[in-house]
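As structure tokens, the structure follows; a few thoughts come after it.
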Amino acid sequence: MMNRVERKEPEIAEYLKLMESKISFLAQAVMKQGNDFTDRNMRKANISASGLAFESDAVIETGQFLEIKLLLTSCLVGIVIYGKVIYCKAVGGGDIALPFQIGIDYVNLQEQDREVLIKHVVKRQMQQIREQKRSLL
């Protein structure tokens, strides 16, 4: 639908995109306030339907179980999942403050949470494809 609006009324489309980004920003701020999400404990993560990977400032032993709170900004949803550490490896280069990469497999993931994760991954992939197309123009 937005593509049609962009073609027919580019100024309106630009305005709608601006409003969407403002609403998204406000929703993220509200979600952060209502949860334990702080800049100190937030990490970017590589998320899939079966597990995730993130960088850490400390070693986390393989086999350890973790509670992970995810803020999925594309869906404006926060979920709590549990996972088992499948690897912890030192990464060269990257962020020196976060020298370890941790890989997690989800444990007892609820079907509704899996669906939210899949929806998030698909939305992010679509967003990345759109951004790549724009950068080529």
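Data overview
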quantity	calculated
Test for residue 41: is it touching a Lys or Arg at 6+ places or on another chain (Cβ under 8 Å), modelled with pLDDT under 75 and either of a type in the set (S, T, N, Q) or part of a strand (DSSP E or B) (or both)	no
Some residue of segment 9-22 being at pLDDT 80 or above, more than 22 Å from residue 121 (Cα to Cα) and part of a loop (DSSP other than H, G, I, E, B)	yes
Qualifying residue in segment 99-114 (condition: in contact (Cβ under 8 Å) with a residue 40 or more places away in the chain, assigned to a helix (DSSP H, G or I) and either more than 11 Å from the chain's Cα centre (by Cα) or within 21 Å of residue 21 (Cβ to Cβ) (or both))	yes
Cβ pairs under 7 Å, 6+ apart, first in segment 1-29 and of a type in the set (Phe, Trp, Tyr), second at pLDDT 85 or above	none
So residue 67, is it within 17 Å of the chain's Cα centre (by Cα), crowded, with 16+ Cβ neighbours inside 10 Å and at pLDDT 90 or above	no
Number of the exception - residue 57 against (1) within 25 Å of residue 125 (Cβ to Cβ); (2) at pLDDT 75 or above	(1)
Qualifying residue in segment 44-52 (condition: modelled with pLDDT under 90 and among the β-branched types (Val, Ile, Thr))	no
Options 98, 76: the member that is crowded, with 16+ Cβ neighbours inside 10 Å and not aromatic (Phe, Trp, Tyr)	98
Among the residues listed as 96, 129, 86, the single one being modelled with pLDDT of 90 or more and either over 30 Å from residue 20 (Cα atoms) or charged (D, E, K, R) (or both)	86
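The values are calculated or read from the model by the stated rules, or taken from the named source; none is laboratory data. Bear in mind that the values here come from a model prediction, so they are computed numbers and not experimental data. Glycine also receives a Cβ, built like all others from the backbone with ideal geometry; neighbour counts cover every protein chain displayed.
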